[in-house]
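> First the structure, then my questions, so here it is.
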Amino acid sequence: MAEENLALTVTTENGRLDKVLSSYFEQLSRAQVQHLIKAGAVQVNGQQTKAKYAVIAGDQITVAVPAPVALDAQPQDIPLDIVYEDNDVLVVNKPQGMVVHPAPGHAQGTLVNALLFHSPLSTINGVIRPGIVHRIDKDTSGLLMVAKNDQAHLSLAAQLKAKTTQREYLALVHGVIKEDKGTINAPLARAKNERKKQAVVAGGRHAVTHFSVLERFANYTLIKCVLETGRTHQIRVHMKYIGHPVAGDPLYGPKRTLKGHGQFLHAALLGFKHPRTGEQMTFTAPLPAIFEHTLALLRNQG
């Protein structure tokens, strides 16, 4: 794919250059625009300028968007916490902070890079997401099932679609939840003004999260979440929606929150039928040390 040249003649727009361009060209995020400006790929009236330049009516703006770099996941010798493995499936406990598969800005050091070094994987999802049947966020820890061949992948994917898999998460959320349990049934879609975020949107994709309270603290609640659907950021958005955002969540939570390495959200239990034998298999993973330490501090505070 060749370089793309974009052009804009400003009519009534005014404001910062980076904000105007990201608003006008929907395929570019504000961060991408800022990067292009720093790289000298943006010109206003034939001159390079800064992101904070105040755009006025009549400005002629050009943007040279470089051709995207083709991603191809390469094997990397990265340690894996393997909970179970046979010739068909692999269950791994992903650490907090690890991206599941390569993407722009994360071409290496992902779970897929580590898996490719360790084992053959299914090919159904191509060269970027081989073996990946489902995902969890970078800063969410816990269990993922991985397909080592295409037959296993098809079986596991069908189970996810039929909602017969078991997926339970532990989350520490802001505030004290009064109800012992509840269900959040609220459709999700990409947030209109912030591309990185999901939001509850009428007409969005069906999303259901069941939760139950495990422990209450002075200002926080430890809950178990059971997913009926698996939408992007589902638990994080649903908990914010009911006024109890996940602690430590940099995207959906408050700035004043518990210190950690991202959201306190852990995929603690995973269950599915083995794609070859049909045997029901269930796996659990202990909380990360930072999560356990934080719970201990909250208990000591009374």
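Derivation of every value follows stated rules applied to the coordinates shown; laboratory data play no part. Given the structure is predicted, the values throughout are model-derived calculations rather than measurements. Cβ sites come from the backbone with ideal geometry, for glycine too, and all protein chains shown count toward neighbours.
> Where in the range 254-302 are there trypsin sites (Lys or Arg not before Pro) that are in a DSSP coil and have at most 13 other Cβ atoms within 10 angstrom of their Cβ?
Working: sites: K255, R256, K259, K273, R276, R299; in loops: K255, R256, K259, R276.
In loop regions of the range 254-302 (DSSP not H, G, I, E or B), the sparsely surrounded trypsin sites (Lys or Arg not before Pro) are K255, R256, K259.
> While we're here: How do F217, F272 line up, fewest other C-beta atoms within 10 Å first?
Working: F217 15, F272 22.
If I rank by nearby Cβ atoms, fewest first, I get F217, F272.
> Calculate the spin-label point distance for E26 paired with R135, positioning each point 7 Å from the Cα along the beta-carbon direction, and give it in nanometres.
My value for the distance between the label points is 2.1 nm.
> Fully extended, how many nm does the chain gain between T164 and E85 (0.36 nm per residue separation, minus their Cα-Cα distance)? Please list the in-between numbers first.
On the way: separation 79, 0.36 × 79 = 28.44 nm, distance 2.07 nm.
Length difference between fully extended and current span is 26.4 nm.
> At 37 °C and 0.692 mPa s, grab the translational diffusion coefficient of the chain from Stokes-Einstein with a Kirkwood Rh over Cα pairs, rounded to a whole number in µm² per second. Write down the numbers at each step before the final one.
Working: Rh = 21.6 Å.
The calculation lands on 152 µm²/s.
> Among I132, I235, I82, determine the one that fluctuates most according to a GNM of the chain built with springs between C-alpha atoms less than 10 Å apart.
Result for the chain, Cα springs under 10 Å: I82 fluctuates most.
> While we're on this one: In a Gaussian network model over the chain where Cα atoms closer than 10 Å are linked, find which of V173, V133, V42 has the largest mean-square fluctuation.
V42
> I'd like the orientation of helix 289-300 relative to the chain: the angle between its Cα long axis and the longest Cα principal axis, in ° from 0 to 90, rounded to 10.
Orientation of helix 289-300: about 70 degrees from the principal axis.
> If you don't mind, there's one more thing I want to ask. Which whole-number percentage describes the relative contact order of the chain, with Cα contacts under 8 Å and a sequence gap of 6 or more?
In percent, rounded to a whole number, it is 14.
> What does the C-alpha gyration tensor say about the overall shape of the range 163-302? Classify as rounded when a/c is under 1.5, otherwise prolate if a/b is larger than b/c, or oblate. Don't skip to the answer; put the middle values down first.
Values: a/c = 1.77, a/b = 1.11, b/c = 1.59.
It is oblate, given that a/c is not under 1.5 and a/b is not larger than b/c.
> Using 7 Å Cα-to-Cβ label points, what is the L297/A218 separation (nm, one decimal)?
According to this spin-label approximation, the distance is 1.3 nm.
> Using the 10 angstrom Cβ neighbour count as an exposure proxy, how do M98, M145, M281 rank, fewest first?
Lowest to highest Cβ neighbour count: M281, M98, M145.
> Sticking with this one: Starting from the range 138-203, pick out the GluC sites (Glu not before Pro) whose DSSP state is loop and whose Cβ has at most 13 other Cβ atoms within 10 Å.
Numbers: sites: E168, E179, E194; in loops: E179, E194.
Passing both the DSSP loop test and the Cβ count: E179, E194.
> Hand me the GluC sites (Glu not before Pro) from the range 1-101 located in a DSSP loop with no more than 15 other Cβ atoms within 10 Å, in residue order please. Working shown, then result.
Values: sites: E3, E4, E13, E26, E85; in loops: E3, E13, E26.
Passing sites in the range 1-101 are E3, E26.
> For a quick check, take a GNM of the chain with Cα springs below 10 Å and name the residue from F211, F25, F264 with the largest mean-square fluctuation.
Largest GNM mean-square fluctuation: F25.
> I've got another one for you. Taking 0.36 nm per residue of sequence separation and subtracting the Cα-Cα distance, how much length would be gained by fully extending the chain between R190 and A54, in nm to one decimal? Working shown, then result.
Values: separation 136, 0.36 × 136 = 48.96 nm, distance 2.88 nm.
Stretched fully, the R190-A54 segment lengthens by 46.1 nm.
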